[in-house]
Amino acid sequence: MLNNLMTGLALMASAESFIAIFIGLLAGIIIGAIPGLTADIAIILCLPITYSMEPIPAMLLLLGLYCGGTYGGSITAILINTPGTPSSAATVLDGYPLTQQGKPLKALTMALYASFFGGLFSALVLLFAAPSIAHFTQMFGPPEYFCIAVFGLSIIASISNGNIIKGLLGGLIGIFIALLGQDSVSGTLRFTFGVRRLGAGIPLIVTLVGLFAIAELLSRSDYNPRTDATRKQHLKLDHEKLSWAEIKRCLKTMTISSVIGTIVGAIPGTGGGIAAFISYDQAKKTSKYRDHFGHGEIEGVSATESANNATTGSTLIPLTTLGVPGDGCTAILLGAFMLQGMVPGPSMFKEHSDILYGIMIGLVVINILMLIIGRVFTPLYANITRIPYELMSAIIIVYCITGVYSSEASTFQVLLAVIIGAFSFLLRKLGFGVVPIILGVVLGDLVETNFRNSMVMSGNSLSIFVTRPFSLLFLALAVLSIGMFFYKAAKDRKKQKTELD
């Protein structure tokens with residue numbers, strides 16, 4: 001292994017590789033920060049450029065786009081309450097409240113450090129433990145994937161802002177959106193209401209833009225700059241820098257969240273969004289400042305960003321060792337590897353070990369350079385909050401519509417985003433949270449597909465979920481998660497009653 005590391009380092013350490021990393025990161029951060037444009041789109045757009053490049057610089061360019069795009073999504077999530085990418089959906093929970101408190105620089109800096117921490121952690125795990133982790137996840141089948149999704153849905157209880165009924169209804173709405181379209185088994189159309197264009201379902205990016213960006217703009221449609229107190233104030237961003245004490249307080253959370261993100265990312269079909277929500281829930285339950293979560297708690301930002309960036313390295317584990325992509329980006333990277341004459345799978349480490357180790361070492365370098373680039377540009381990102389809202393709202397809507405339209409070149413998708421935005425606006429007025437809906441959208445398809453596959457495996461017997469050890473473990477964690485919510489709720493009610501008495 002030491003020989004492979006030295007050979008890989010020698011192959012990676014070239015000017016072409018570093019230029020590719022820098023361009024990939026910069027472009028990835030910019031694209032990830034634009035609502036509607038994701039790392040997937042960035043990789044697809046740049047894939048033709050890699051045809052004539054050497055394997056290592058070519059793959060490092062694409063991995064720079066991947067990591068930069070994942071981190072970049074946190075910028076708009078924090079500043080304008082609109083996640084640039086699906087994996088940043090959980091970051092809005094505490095990132096945007098910090099911006100509303102006049103602390104955008106603090107939130108952005110924490111997001112950068114957490115992204116670096118999680119990304120570097122998973123890159124090192126990929127480098128030193130890829131074969132072992134891939135062997136572990138190879139034991140997972142549809143029952144385990146279904147139970148993981150159920151565990152993910154169980155955290156709706158703790159992110160429902162005290163109203164579990166509305167939280168569960170929001171989750172069901174999200175699942176309904178995820179299931180809308182053509183049935184993957186029978187091929188029949190469902191919930192399309194006679195609109196054949198809905199047969200392909202609603203793309204996730206359309207749902208995100210509608211639920212967050214357009215709904216946010218509608219909720220502030222009565223904005224009056226003359227009565228906006230913040231317009232009269234000049235944000236002193238230098239006074240809101242992240243302190244060392246706050247970083248030290250978040251180290252434990254970042255470590256646990258990085259472990260969660262790495263494990264979740266190594267399981268094909270999950271992704272950064274699920275990892276972020278699970279980590280946020282875990283951090284909220286174990287933090288001394290759990291009551292501050294959802295109101296601008298810096299620990300919440302560190303949990304979500306370290307988790308979703310920790311998936312960037314671990315999603316490559318099943319890809320490189322089994323030939324199974326962990327998410328949408330790695331599915332594209334699978335094709336990129338094959339274009340370079342490298343077929344991902346069990347024989348990849350044997351046939352292309354030198355190139356593969358060069359790429360994995362390059363992923364470590366990518367995360368280090370991401371920290372440096374972020375440190376330079378983060379103060380510039382924070383100044384976005386000084387732009388007048390009437391101008392910012394126009395920029396946001398243009399970016400969102402452009403991003404939605406560019407994903408499939410369809411005006412129908414833009415119309416869908418507007419309709420979902422109006423629906424989300426009404427739900428907000430009725431007291432529903434957006435996050436449970438997003439969680440249902442992200443996990444809905446995963447729940448259905450793996451449940452049906454599990455039923456085929458077991459002959460329609462539900463016992464398959466309790467007779468397999470790992471599926472039983474995740475079900476137990478789901479029950480524990482819900483139980484802890486009710487225990488905490490009962491404890492809080494008892495505390496309030498005691499204070500009143």
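Structure above, values below:
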quantity	calculated
Accessible heavy-atom area order of ILE368, ILE267, ILE175, highest first, probe of 1.4 Å	ILE368, ILE175, ILE267
Exposure ranking of TYR280, TYR145 by accessible area [1.4 Å probe, largest first]	TYR145, TYR280
Sequence of THR255, THR498 when ordered by accessible area, the most exposed leading, probe 1.4 angstrom	THR498, THR255
Restraint check, LYS106/LYS166; LYS106/LYS429; LYS106/LYS491; LYS284/LYS494; LYS288/LYS495; LYS285/LYS491, Cα-Cα greater than 23 Å	LYS106/LYS166; LYS106/LYS429; LYS106/LYS491
Where labels lie 7 Å past Cα in the beta-carbon direction, separation of ARG290 and MET457 in nm	3.3 nm
Protection proxy ranking, peptides 79-86, 331-338, 27-34, average beta carbon neighbours within 10 Å, highest first	79-86, 27-34, 331-338
Structure-based [θ]222 nm, the chain - -39500 (n - 2.57) summed over DSSP H runs of at least 4, per residue, nearest 500	-23000 deg cm²/dmol
Accessible area expressed per residue, the chain, with surrounding protein chains retained (probe 1.4 Å, Å²)	43 Å²
Accessible area (Å², 1.4 Å probe, nearest 10) - THR76	20 Å²
Spacing of the two label points (7 Å from each Cα toward its C-beta) at PHE486 and LEU2, in nm	5.7 nm
As computed over the stretch 10-140, the Cα convex hull volume per residue (Å³)	130 Å³
Rounded FRET efficiency, nearest 0.05, which uses the C-beta distance separating GLN182 from LEU500 and R0 of 60 Å	0.65
The chain: relative contact order as a whole-number percent, Cα under 8 Å and 6+ apart	28 percent
Over the chain: Rg over Rh, Cα atoms, Kirkwood Rh	0.96
GLU351 - accessible surface, heavy atoms, 1.4 Å probe, Å² rounded to 10	120 Å²
SER243 paired with GLN101, simple spin-label distance in nm, labels 7 Å along Cα-to-beta-carbon	1.2 nm
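The values are calculated or read from the model by the stated rules, or taken from the named source; none is laboratory data. These figures come from a predicted structure and were not determined experimentally. As a convention, Cβ positions derive from the backbone with ideal geometry for all residues, glycine included, and neighbour counts pool all protein chains shown. For the accessible areas, the whole protein counts, side chains as well, though only heavy atoms, and no ligand, DNA or RNA atoms are used. Shrake-Rupley method; radii C 1.70, N 1.55, O 1.52, S 1.80 Å.
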